[in-house]
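Values in this text are rule-based calculations from the coordinates and carry no lab data. Just so we're clear, the structure is a prediction, and the values are computed from it rather than from any experiment. Here the Cβ positions follow ideal geometry from the backbone for every residue, glycine too, while neighbour counts run over all protein chains shown.
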Amino acid sequence: MLRSFSRSFRYAGLLVPVILLVAWVPRARTSGEGDAAHNKQILRGRQMVLEHGCADCHGGGPNPAADGYLSGMRTPDQEFPIGPFKTRPRNITPDNTTGIGRFTDRQIFNAIRFGLRPGETPDVTITSTTPGKGNFPENPKYLAPPMPWPAFRHMSDADIRAMVAYLKRGVKPVSNRVADSEGPPDFWASAYTPEKIGPYPAVPFPSKAEQP
């Protein structure tokens with residue numbers, strides 16, 4: 001009986017490493033697949049940022065290797081005058097102090113989809129497009145008009161999330177503090193009514209100006 005127990009123990013000793021190896025292999029494969037999906041999303045976000053000209057305003061132009069890429073305004077000639085106000089492209093690298101690193105992915109998503117300034121908007125899923133309804137702030141603080149979010153908002157959720165992933169995790173953080181933009185007391189709310197920027201979502205296709 002002792003000999004049988006000893007033999008069984010030796011078999012168990014051989015089986016344990018095999019079981020552990022078999023159990024580890026699927027996890028390793030899953031991790032690799034996750035990395036591939038993550039990298040694919042980052043590359044998609046990079047493409048979207050380049051296609052949408054983000055660096056044309058935020059620095060560096062269409063060259064990810066350029067000095068100041070996406071790090072915001074550095075010289076006065078980069079200001080955008082809107083009427084009596086001076087607006088300044090912000091640092092959108094993931095620097096925690098001067099860039100967007102301190103904001104959550106959802107806050108940046110809400111900035112692109114709804115034009116809401118991430119520093120003044122809670123980390124919530126927006127459930128309405130009307131101020132004061134759902135989770136839309138009653139007194140929204142919008143991004144300044146040079147930011148073309150009214151056009152960007154029609155991108156798919158996946159494309160916006162890819163842009164966010166690239167900005168947060170695919171770009172090196174750069175420390176560059178940009179002065180706040182100037183703006184009216186209503187934080188541009190009067191400029192962003194549906195009558196002026198169109199509805200979201202867009203009207204169904206085909207509209208009266210389109211053909212199927």
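Just a few scattered comments:
- Between residue 154 and residue 86, the contour length at 0.36 nm per residue exceeds the Cα-Cα span by 21.8 nm.
- Relative to the longest principal axis of the Cα atoms of the chain, the long axis of helix 2-51 lies at roughly 20 degrees.
- In the chain, the calculated helix contribution to ellipticity at 222 nm averages -13000 deg cm²/dmol per residue, counting -39,500 (n - 2.57) for every DSSP H run with n ≥ 4.
- Translational diffusion coefficient (Stokes-Einstein; Kirkwood radius from C-alpha pairs) of the chain at 4 °C, 1.567 mPa s, in µm²/s: 64 µm²/s
- Reciprocal mean inverse distance between Cα atoms of segment 59-112 - Kirkwood radius, Å: 12.4 Å
- Theoretical FRET efficiency, 1/(1+(r/R0)^6), r = Cβ-Cβ of residue 210 and residue 186, R0 45 Å, to 0.05: 0.85
- Between helix 157-169 and the chain: long-axis angle, C-alpha atoms, 0 to 90°, nearest 10: 80 degrees
- The angle between the Cα long axis of helix 105-114 and the main principal axis of the chain comes to about 30°, on a 0 to 90 degree scale.
- Residues whose amide H lies under 5 Å from that of residue 82, counting only those 5 or more places away or on a different chain, are 87; hydrogens are built 1.01 Å from N in the peptide plane.
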